[in-house]
Each structure stands twice: as C-alpha cells, then as structure tokens.
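First comes the structure, then the notes that go with it.
Derivation of every value follows stated rules applied to the coordinates shown; laboratory data play no part. All values derive from a computational prediction rather than experimental measurement. Positions of Cβ are generated from backbone atoms using ideal geometry, with glycine treated the same way; all protein chains shown enter the neighbour counts.
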Amino acid sequence: MDGEDDKPGIPAWVMTFADLMSLLMCFFVLLLSFSEIDAQKFKQIAGELSKAFGVQRDIPALDIPMGTSPIFDNFSPGKPEPTPVDSVRQQTTEEAPQLETLKAEMEGKLQQQVADTTEKQVETSVDALRDVLENELQEGRIQLEHDRKRIVIRVEEKGSFPSGSADMTADFEDMLDKIADVIARLPGEITIEGHTDDIPIHTARFQSNWDLSAARASSVANALLIGDAVQPERLKVQGYAETRPRANNDSSENRALNRRVEIIIDLSGSIEEYEAQLRRLMEEDLGELIKDLELQDSPNPQPRATEQP
C-alpha cells in the first residue's frame, strides 16, 4: 500500500504558503498607502483589515487603539502636493522685442560702415603715396604694403644710406620730403623701424647693429620733421638690428633685403575713434526709438510736441 505521502494532489503546506504571501502583499500595500492617507482614514479601515491579519476582537473605529505600533511611533503624515499641471507661460522682457532686432540691425550697419570707411581711407592714402612716389616705386627703392589698419612704406638700403652709415643720400632726403607731405595729412601714429643684416659692425660711431639700426631710424624721423609738416608727438623710433629679418641671411641678395627702414602708419586709433563716434550716434537714435515705442504702448499716448513755425 502506498503511504500518505504518495497521495496525488498539491501538498498541504502550499496553501499555508500562499496565504502567507497574500498577507505580506496586503501588509506592504498598506504601508504604501500611508504616504497618501491620514490617521483618521487608517482608523476607519483598521476594522476591515483586522480580520485579514487574524485579529478576532472588534475595536470601534473612533476609539484609540490599545498598545503601541512601530508605524505610528515613526510615522508623520505628509501634506499631499497638488498634481502639477502642464501650462504654457509667455516670457516677457522689459524691452519690446523689436528693440532687440533694431539693435542687431544697427550694430551690423555700424560695423559695415566702419569697415567700408576704413577701407576707402586706406586705399585713398595708398593711392596718394603711389602718385607721389611713382618713380621710386618703379626703381624698386621703396615698397608699399597695407592692410585694414596699417600702411607700410619700406625703404630699401640701396640709394638711401651708404654701407655701414646712417647719413642719408640727397635723393633719399628729397623722397622723404614728398613722403612727409602725404603722411602729414593722414591720421594715426607713425613708427619708424630700422633693420640690418646679421654681419656684425664695430666702428668708432656704431658699437653694434643695434646702434646702426636705431641711428638710421632717427635720421629718417629727423628728415620727416623738417618743415613742421609732421607733428613730433606722432613719431616713434625703434631699432631692431638683425632680429627681424625679411629673408635668411645666407646670401648677399637676402642680406640686402634685410637692410631697410620701414615707415609704418597705424590707423587703428582713428578707426576706434570713428567707431566710437558712430556708436554714440547709434545710441542716441535708439534712445529716440525707445521713447516713441513707450509712448505708443502707454494707455493714453501723448503726441510729441512739434515746433511751430
């Protein structure tokens, strides 16, 4: 005969285990509900749950439960927060949107106007120098270079200074007189730079190439000041010796390129001043526009006073 363990069907302990799992699930559901219910509601449903937890005696819902509970010792009901509602809110600024557009447009026009005016000024100045120094440019004695803010007049040593000397030739002095007449009408700071090759020099007058480069730059500055066409406070003299070569000092031709004097006209100061002046005018115009818009947006706009004839 088969024993009792061999009977077909579900073992008896499975029912007990299922009941225990159900009770545990109810217990955790109850704990989860504490976050949204208050103590009064808990008391009202305690009677219904007492049977599920095996409590056989009846406790009125309005009576204070006897004994202590670890839940109530550490539990404090929180305030339910309202459900956030999606909403679209319009962001406003103190200034009207069209003002930002006007500012951007005026800023773009200002930058373009400054660039156009500066380019025209540089081209006009370079053309004037080319007309005055046409022969010297054709002979290769000088070179003209320019960018947006500078004009560079590069004077080659050939026909300007004797070798190892800072005394100018007569032709070079005449050329500087013509240059002075043109640059006197141009704005900006004038820097005169002297440059040499890398062959050392040591004479009774010049101890090194530093002395020679500075002396040649000073000679050019003195020639430009003759006739009082150029103001002295605009001039700046610098000697660089062989530290800024145009080409490698590996041949006589390249060394000749490095022996030079450069007259640099810096127009950045006048450009910044011109831009600041235009910006002041732009801000004044923008202020008038803001006043007009404020009058238009006011509940009772007042007409602007006009001058009577």
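Taking label points 7 Å from Cα along the Cα-to-Cβ direction, residue 20 and residue 174 give a separation of 12.2 nm.
Segment 183-225 and segment 110-159 have Cα centres separated by 20 Å. Placing pseudo-labels 7 Å out from each Cα toward the beta carbon at residue 150 and residue 288 gives an inter-label distance of 4.0 nm. What FRET efficiency comes out for residue 205 versus residue 116 if R0 is 51 angstrom and r is the Cβ-Cβ distance? Round to the nearest 0.05. Computed FRET efficiency for residue 205 and residue 116: 0.55. As a proxy for reagent exposure, 23, 225 were ordered by neighbouring Cβ count within 10 angstrom, fewest first; the result is 23, 225. Considering all different alpha carbon pairs of segment 99-272, the Kirkwood hydrodynamic radius works out to 17.4 Å. Seen from residue 122, the other residues with C-beta closer than 12 Å to its C-beta sum to a net charge of -3, counting Lys and Arg as +1 and Asp and Glu as -1. Ordered by the number of other Cβ atoms lying within 10 Å of each residue's own Cβ, fewest first, 218, 251 fall into the sequence 251, 218. Shown here are the Rg and Dmax of the Cα trace of segment 114-194, at 13.5, 44 Å.
Electrostatic tally near residue 208: other residues with Cβ closer than 14 Å to its Cβ, Lys and Arg +1, Asp and Glu -1, net -2.
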